Amino acid sequence: MVKKFALPLAGIITGLVSLALVQLGNPANMGFCIACFLRDTAGAVGLHSAANVQYVRPEVIGIILGAFIFSLVKREFSPKGGSAPVTRFTLGFALMIGALIFLGCPLRMMLRLAGGDMSALAGLAGFAAGIFCGVFFLNKGYSLKRTYEIAKTDGLIPPGVALAMLALVVIAPSFLLFSTAGPGSMRAPIWAALAAGLIMGGVGFISRLCFVAGIRDSVLFKSFAMFGAFVALIATVFVGNLVLGNFTLGFVDQPVAHNEWLWNFLGMSLVGICAVLLGGCPFKQVVLAGSGNSDSAITLLGMIAGSAFAHNFSLASSPAGVTTNGKIGLGVAFAVVACIAVCNTFRKKGLAA
């Protein structure tokens, strides 16, 4: 009985954490967004110069450390890696381009919907379409091949870097760039954000929560357990927003969002297919990186690099809409991802060794 309700409970906890973070200072409809958090963190360490989105988000630090701690407690810290690292970096990079066209990861897409942002409906449709495309390749034999056991010291690097970043934020923030205006300036207190991240790292590790798996597993395996977490999250945040007076129904003038439906659809389509090809959504990748998976750590680096590139070369959208560079960049990213999917699905057996 406990196992049956584990995933819906994980969705409820995620929703409650997201609501709390917004009340404590995070931007509206952005209590928890991995893409946004990684983008802000990239800016804080000087990887991009968009002044309004620069801040080391303690939530990401907490997720990594929470997953690490729980993997140790459950004696499941067993570092693995070696499965197509360059390909995973590239897919992570492309995923972030799509997320910043839409202005959010799959988790934020759900938070936007639960906050009344109807422009996210196009993102949801695109996300589902991208997942269906990814499932097509999975059914045809797509694979990035097996992982291998690696040295425990490799698995310790992500939590070690997370601790170092936390030390910088607390002890020497002058080394970092922090926004004084815009979304990057809107943040919950450090310790509250860190605690939220630790909770979510533990929840993610124990439940194996993944926001792409809700749709993917329903299609592939006719399993709707993960979809239950999806529904529970949206319902929790919807009710919470109504109670707190934060629900605003509409298509325009939503916080940190634009209403260009086609590009919302295409941006999240790219996120969906990349997440399927990677084996998990951005949140799951961060959790896995914290628990010793170097393949996910490489993916995380790709996402950080993608966020920096998107802002340095004006690919990222804004509430004003999608840029010309963003449209071109999205097309190029789709082409690269399509090549990766085809090459890792239909390659000749002789080349697969």
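Since every read-out is calculated from the coordinates, none of them should be taken as a lab result. The model shown is predicted, which means the values in this text are computed figures rather than measured ones. FYI the Cβ positions are ideal-geometry reconstructions off the backbone, even for glycines, and counts take in every protein chain you see.
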Next on the checklist: When the expected Rg is taken as 2.2 N^0.38 Å, what fraction or multiple of it is the alpha-carbon Rg of the range 74-233?
Outcome noted: 1.22
Checklist entry - If one puts a single equal scatterer on every Cα of the range 41-83 and applies the Debye formula without solvent, what log₁₀ I(q)/I(0) results at q = 0.14, 0.22, 0.29, 0.30 Å⁻¹? => result -0.52, -0.75, -0.91, -0.94
Checklist entry - Going 7 Å from the Cα of Leu262 in the Cα-to-Cβ direction, what parts of the range 311-328 have a backbone nitrogen less than 20 Å from that spot? => result 315-328
Checklist outcome for this item: Once Lys and Arg are counted +1 and Asp and Glu -1 for all other residues with Cβ under 12 Å from that of Ile97, the total becomes +2
Checklist entry - Spin-label point model (7 Å from Cα, Cβ direction): what's the Leu121 to Ser49 distance in nm? => result 4.1
Next on the checklist: Using square roots of five times the C-alpha gyration tensor eigenvalues, list the equivalent-ellipsoid semi-axes of the chain in whole Å, biggest first.
Outcome noted: 27, 24, 22
Checklist entry - Normalised by the number of residues in the chain, what is the relative contact order in percent for Cα pairs under 8 Å and 6+ residues apart? => result 37
Item to check | Cysteines in the chain lacking a second Cys C-beta under 4.7 Å | outcome: Cys105, Cys133, Cys210, Cys274, Cys281, Cys339, Cys343
Next on the checklist: At 0.36 nm per residue, and after removing the present C-alpha to C-alpha distance, how many nm does the segment from Val161 to Phe224 gain when stretched out fully?
Outcome noted: 19.1 nm
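Could you calculate the FRET efficiency of Phe247 with Ala320 from 1/(1 + (r/R0)^6), where r is the beta carbon distance between them and R0 is 30 Å, rounded to 0.05?
Calculated value: 0.80.
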Checklist entry - Once Lys and Arg get +1 and Asp and Glu get -1 on their Cβ, which of Thr323, Phe93, Ile61 lies farthest toward the positive end of the dipole of the chain? => result Phe93
